[in-house]
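Below is one structure, written out as structure tokens, with a few remarks after it.
The values are calculated or read from the model by the stated rules, or taken from the named source; none is laboratory data. None of these values were measured; they are calculated from a predicted model. A quick note on method: Cβ atoms are made from the backbone with ideal geometry, for glycine too, and the neighbour counts reach across all protein chains shown. What goes into the accessible areas is simple: the full protein's heavy atoms, side chains included, and nothing from ligands, DNA or RNA. Shrake-Rupley method; radii C 1.70, N 1.55, O 1.52, S 1.80 Å.
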Amino acid sequence: MRPKKHETTGSGDLFRARLDQIINLKHELAQLAGKVDWDWIDGEIAPLYSDNGRPGVETRFVIGLLLLKHIYGLSDEGVCERWVYDPYFQYFTGEEFFQHVFPHERSDLSHWRKRLGDKLELLLAESLRIAHESGALRSNDLKRVTVDTTVQPKAIAFPTDAKLLHAAIKGLNRMASKHGVRLRQSYLRIAKRAAMMAGRYAHAKQFKRHHRQLRLLRTRLGRLIRDIRRKIAGQGDIEAAFEVLLTRASQIRSQQQRQRGWKLYSFHAPEVECIGKGKASAPYEFGVKASIVTTNARAPGGQFVLHATALPGSPYDGHTLRAVIQATERLTGCAIERAYVDKGYRGHGAENPRRVFISGQKRGVFGTIKRELRRRSAIEPVIGHMKAEGHLGRCYLKGRAGDAANTVLSAAGFNFRRILAWLRMLLRLILIAMTRAFTLPSALIPAC
């Protein structure tokens, strides 16, 4: 059922303290709470709920928690813990009185992320609207953009053969224990030692011994797969429960290091892809490719992210440019006049190729275009801040839906950090102006 609308009484309470009497209402987080259009967000997500059932958690509460999490780079558990003792967090999520206990479950954040899905782009659009309304972003800044791709790594261990085989053995044993399947032998103790010794032999460059341990792990995993298939034969419900894990285990057992085609890099996250970006520090990264669009010129409040999306399947950068530009125009409501990209976008299929400029291009590059093309590399520190201060550097959410949600929320969190810095600077300038207004006349009065 649709969540109830947030309502405040405006009255005092003898035993509870009002938040607006505790906090500084000129604080940037308190000002931001008044600028967000909570009613518009609530109306946009209303179609996701039915008319029956128990009312959901208030929209402002959960959306506020999601924004605070990505603004300050916290985990789900961390933002819930900080909410209890931070009155500014409580005020931002719509509370009227100071609360001493977290009123909901942490898992509500996960349920809301799954329910919102594509609607999470509303938060990115709202961040751009607030930036434009507060003067941190101008309309002309939306017409010339920089587009680039990066890798959003997944929270997995580095996928060596020994680790994958060991993880498959452990995963099958957990599932067998859960469903009461009695195995002939678990091989847990043998697999743990073999995986450990394989890593040591590889580090010592003793590759014959290393491959011997890998063969041992593959043999034990094959025995485990066949034993489980024999034990669950004819039991339809248990066979259905084991089917996915047995398929993953068989894939891990059969794949080779340099084979072509699809490979499995994580037993618990099969959507992970191996992406090579040509970096000396990290030749290969494991996660999903993400596309980021920023303003080319520096707006008064800094560079803002105009669009962010995950690109599963690791497509060629140039093949994604048309869709990314169209999605950015739809999100901002402003036509893009020029787009600046790197050499990975050669051979792109944009609608107006004459308005796409590639780094290193000489023909047609002069004057303003030449200066703007030099600013193309300014997108790199934006991506760096999204990874270091946000959650783009490591995705802990499950599945491809989690990758997409984390990309959009990281971009929205970056924009709101820019807005908070802009509001903080405006407050500082106002205080400086007031101080000068009160101090200058007194300095002109002659001393007696």
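Other residues lying with their Cβ under 12 Å from the Cβ of ALA405 contribute a combined charge of +4, Lys and Arg counting +1, Asp and Glu -1.
Per residue, the convex hull spanned by the Cα atoms of the range 46-199 measures out at 234 cubic angstrom.
Approximating the spin labels as points 7 Å out from Cα along Cα→Cβ, the ARG229-to-ARG394 distance works out to 3.8 nm.
Computed FRET efficiency, Cβ-Cβ of HIS268 and PHE102, R0 30 Å: what is it to the nearest 0.05? Computed FRET efficiency for HIS268 and PHE102: 0.60. A simple spin-label model places pseudo-atoms 7 Å from Cα toward Cβ; at GLN257 and ARG330 they are separated by 4.5 nm. Taking the DSSP bridge list for the chain and keeping only pairs wholly inside it, about 75 percent are antiparallel. Seen through its C-alpha gyration tensor, with square-root eigenvalues sorted a ≥ b ≥ c, the range 309-351 comes out oblate because a/c lies at 1.5 or above while a/b is not bigger than b/c. For ARG174, project a label point 7 Å along Cα to C-beta. Then give me every residue of the range 374-411 with its amide nitrogen under 17 Å of that point. Answer for this model: 396-399. Calculated FRET efficiency, PHE15 and THR439, Cβ-Cβ r, R0 56 Å, to nearest 0.05? With R0 = 56 Å, the Cβ-Cβ based efficiency is 0.80. A viscosity of 0.692 mPa s and a temperature of 37 °C, combined with the Kirkwood radius over Cα pairs in Stokes-Einstein, give a translational diffusion coefficient for the range 329-407 of 218 µm²/s. Averaged over residues, the count of other Cβ atoms within 10 Å places the peptides 326-335, 408-417, 299-308 in the sequence 408-417, 299-308, 326-335, highest first.
Work the Kirkwood hydrodynamic radius out for the range 28-94: mean of 1/r over every pair of different alpha-carbon atoms, inverted, in Å. Please list the in-between numbers first.
Values: mean 1/r = 0.0774 Å⁻¹.
The answer is 12.9 Å.
In the chain, taking the dipole from charged Cβ atoms about the Cα centre, the farthest positive-side position among GLN213, PRO283, ALA249 is held by GLN213. Couplings 3J(HN,Hα) for the range 107-118, derived from phi with the Karplus relation 6.51 cos²θ - 1.76 cosθ + 1.60 (θ = phi - 60°), are 5, 4, 5, 5, 5, 5, 4, 5, 5, 5, x, 5 Hz, where x marks Gly and Pro. The percentage of C-alpha pairs in the range 1-128 whose separation is greater than 23 Å is 32%.
Expected output is a single nm value to one decimal: the length gained when fully extending between THR368 and ASN52, i.e. 0.36 nm times separation in residues minus the C-alpha distance. What is it?
108.0 nm
For THR309, the amide hydrogen comes within under 5 Å of the amide hydrogens of SER291, counting only partners 5 or more places away or on other chains and with H modelled in the peptide plane. Can you give the angle from 0 to 90° between the axis of helix 59-72 and the longest principal axis of the chain, with both taken from C-alpha atoms, to the nearest 10? The angle comes out near 80 degrees. A 1.4 Å probe, protein heavy atoms only, puts the accessible area of MET434 near 90 Å². Ranked from largest to smallest solvent-accessible area, with a 1.4 Å probe on the protein heavy atoms, GLU243, GLU126, GLU95 come out as GLU243, GLU95, GLU126. What a 1.4 Å probe finds exposed on the chain is 53% carbon and sulfur by accessible area, rounded to a whole percent. Between LYS4 and ALA155, the distance separating the two model label sites (each 7 Å from Cα on the Cα→Cβ line) works out to 3.3 nm. Per residue, the chain reaches -17000 deg cm²/dmol at 222 nm when only DSSP H runs of four or more residues are counted, each adding -39500 (n - 2.57). Counting only the Cα atoms, the range 352-447 fills a convex hull of 209 Å³ per residue. Across the chain, the convex hull enclosing all Cα atoms gives 250 Å³ per residue. Based on C-alpha pairs under 8 angstrom that are at least 6 apart in sequence, the chain has a relative contact order of 21 percent.
Keeping every protein chain present and rolling a 1.4 Å probe, give me the accessible area per residue for the chain in Å². Show your work: numbers first, answer last.
Numbers: 23970 Å² over 448 residues.
Spelled out: the 1.4 Å probe surface of the chain, per residue, equals 54 Å².
Where Rh is the Kirkwood radius over the Cα pairs of the range 85-141, the temperature 25 °C and the viscosity 0.890 mPa s, what D in µm²/s does Stokes-Einstein return?
Taking Rh from Cα pairs, D becomes 173 µm²/s.
Reported to the nearest whole Å, the Cα centre-to-centre distance from the range 370-418 to the range 317-332 is 16. In order along the range 342-352, the Karplus-derived 3J(HN,Hα) couplings, from 6.51 cos²θ - 1.76 cosθ + 1.60 at θ = phi - 60°, round to 9, 6, x, 9, 4, x, 6, x, 5, 5, 10 Hz, and Gly and Pro are given as x.
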